[in-house]
Amino acid sequence: MPEVTNDLIIRGGTVVDGTGAPRRTADIAVSHGRVVHVGDIEPDGRRELDATGLVVAPGFINILSHAYESLQQDARGLSDLYQGVTTEVFGEGYSLGPIIDRAVEIVDPTPREDGVRTAFPRLNDFLESLEADGVGPNVASFVGAHNLRAIRAGADERQLTDDELRSVCGILDEELAAGALGVGSSLLYAPGVYASTEELAAYATVASAHDALYISHIRDEAAHLEKSVREVIDIARMSAGRAHVWHLKASGRDNWHRMAEAIRLIADAREEGMQIGADLYPYEAGGTSLAASIPPWYFDGGEEALVKRIADPVVRARIIADIRMPGDTWENIYLDAGGAEGVLLQGGRGSNAEAAGKTLARFSALRGYDDPLEALLDLVAEDPHREALYFCMSEENIRLGLEQPWVGVCSDAEAASTEPPFSDSPTHPRAYGSFARVLGPYVRDGLLTLEEAVRRMTSLPADTLRLVGRGRVEAGEWADLAIFDPDAVQDHATYSEPHRYATGMRHVLVNGRFALRDGNPTGALAGRALRRGVR
């Protein structure tokens, strides 16, 4: 267990406690990693921090983080630390455990040359490994629904047998008993996309028995947005449990009008007493693999099978034809982005590393391709993990989402730094700016009050995830604290220059220790592996 701080008094700050209650001026006493008193505190010789003129809030909880690899490379998690994030939550479809049996077909369990491990026999093995090695933020995770079906079916496009489903539900039950937050699906990607509603409901039923959460990157955020939201609601009903939609959005200009109906569906379910929520990141571009532009049935059998199909001229032509057609049974994010002009290429391995930072249209033209989809397939064949940004959302819908009191904030990104190896390739600015963008510009322009913005990033996700002792500035809570100048909080990352830290955060404490002090990282690694329902 990480060493705790000596006693500390935070003096004279404006406390925004995470509950949505009005701000107030108060002192805060911290001892043995916890808040022990909030109010007027007489000097008693303990160390003091002058927070006059600053806001003192709970540390922010990133309900959708992909920092499971980046924290193994740099445990500080700086892009999020500079925004006041103190807890990272993983498990969007894929989690670093359990990786057993046929699940090794979807991820190589061999440690990489840089020491990063992407597969552990059980989820707790991964979380305990991070804590033992030292990690800056707290960490927690869902069990990936990808993992569960892959344990028995690998990357095959088929339904699980009844016996297979029962066996993986048993594994899920064990992971939940060990403190996993719930089960997370990601239904745009193979192999998770192959799961039926009934399979997902079976996982959600196991989660419900533990008061854990079913959480989902829904099946289609575009033309079938409403149908996909209804599937989440149906799964919640079938399981008698709780559910959540990751990064709620309407993708593609022709689908922007669907956001209001998606919100209405969730709001109506909540009116019925169902516990369903959502989150979003405040950007008009999404970010995922370039390979996600390819229909999921071409991934049957895994990445090697996909690459072989791309190399077959007949199948290659069929893939291109399918991408050009509006997807009725899959979400066509290439068309949602408006085609090659709306796809910004990110880093990748191989001879086409210089493609990063160019639109697919520009890269295609520079390389002399007659068809940008030919270029897309060559890039995917060279590196199936190459990332891209897809410009397919609207600012109006971001604001509409944030107006809903049950919508929180996420980054959907790694926690990177402006140093190598992270600075060697582009990334999405949401990695450096999601929380600061909401806390700063969206608060200052009046969309949210400061108290409400803080609630969305603290007690709302803490309660949703059943992270006991987090998300509030109250006696007895863990001292995860973000101390900042509300007038100075600002995101600076852009699509062309994404590796730029946010500003305005003065101090950040994780479990009572300074991870950021006077605007500078301390190098302290006080993060812990968090379990659902455990204080």
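The values are calculated or read from the model by the stated rules, or taken from the named source; none is laboratory data. Keep in mind that this is a model prediction, so the values were computed, not measured. When we count neighbours, we look across all protein chains shown, and the Cβ atoms used for this are built from the backbone with ideal geometry, even at glycine.
Pairing each residue of region 498-518 that is without any contact (Cβ under 8 Å) to a residue 24 or more places away in the chain with any residue that is in a strand (DSSP E or B) and basic (Lys, Arg), provided the two are 6+ apart or on different chains, yields C-beta distances under 9 Å for Arg517/Arg506; Asp518/Arg506. Residues that are touching a Cys at 6+ places or on another chain (Cβ under 8 Å) and either in the same structural domain as Arg253 (by TED's automatic domain parsing) or closer than 24 Å to Ser251 by Cβ (or both) number at least 2 in the following helices (runs of 4 or more DSSP H) confined to region 305-393: 333-336.
Within region 197-243, being within 17 Å of Ile263 (Cβ to Cβ) and among the acidic types (Asp, Glu) holds for Asp220, Glu221, Glu226, Glu231. Among the residues of region 489-516, write down those that are in contact with a helix residue (DSSP H, G or I) (Cβ under 8 Å, 6 or more places away or on another chain) and part of a loop (DSSP other than H, G, I, E, B). Result: Val489, Asp491, His492, Ala493, Pro498, His499, Arg500, Tyr501, Ala502, Gly504. Report yes if Leu366 is crowded, with 23+ Cβ neighbours inside 10 Å and modelled with pLDDT of 95 or more, otherwise no. Considered against the rule, which asks whether it is crowded, with 23+ Cβ neighbours inside 10 Å and modelled with pLDDT of 95 or more, Leu366 comes out as no. If you go through region 130-145 one residue at a time, do you hit one that is farther than 25 Å from Gly469 by Cα and over 19 Å from the mean Cα position of the chain (by Cα)? No, the conditions are met nowhere in region 130-145.
Any residue that is polar (S, T, N, Q), farther than 30 Å from Leu200 by Cβ and in a loop (DSSP other than H, G, I, E, B) - is there at least one of those in region 73-84? Yes. Across region 383-399, what is the total count of residues that are surrounded by fewer than 19 Cβ atoms within 10 Å (Cβ to Cβ) and modelled with pLDDT of 95 or more? Adding up the residues that qualify gives 5. Looking across region 248-267, the residues that are outside any helix (DSSP H, G or I) and either modelled with pLDDT under 95 or over 20 Å from the mean Cα position of the chain (by Cα) (or both) come down to Gly252, Trp256, His257.
Just one of the listed residues (Arg270, Arg258) is under 18 Å from Leu188 (Cβ atoms), of a type in the set (D, E, K, R) and in contact (Cβ under 8 Å) with a residue 24 or more places away in the chain, and it is Arg258. So is Glu105 of a type in the set (D, E, K, R) and surrounded by 23 or more Cβ atoms within 10 Å (Cβ to Cβ) or not? Taking the combined requirement at face value, the residue does not satisfy it.
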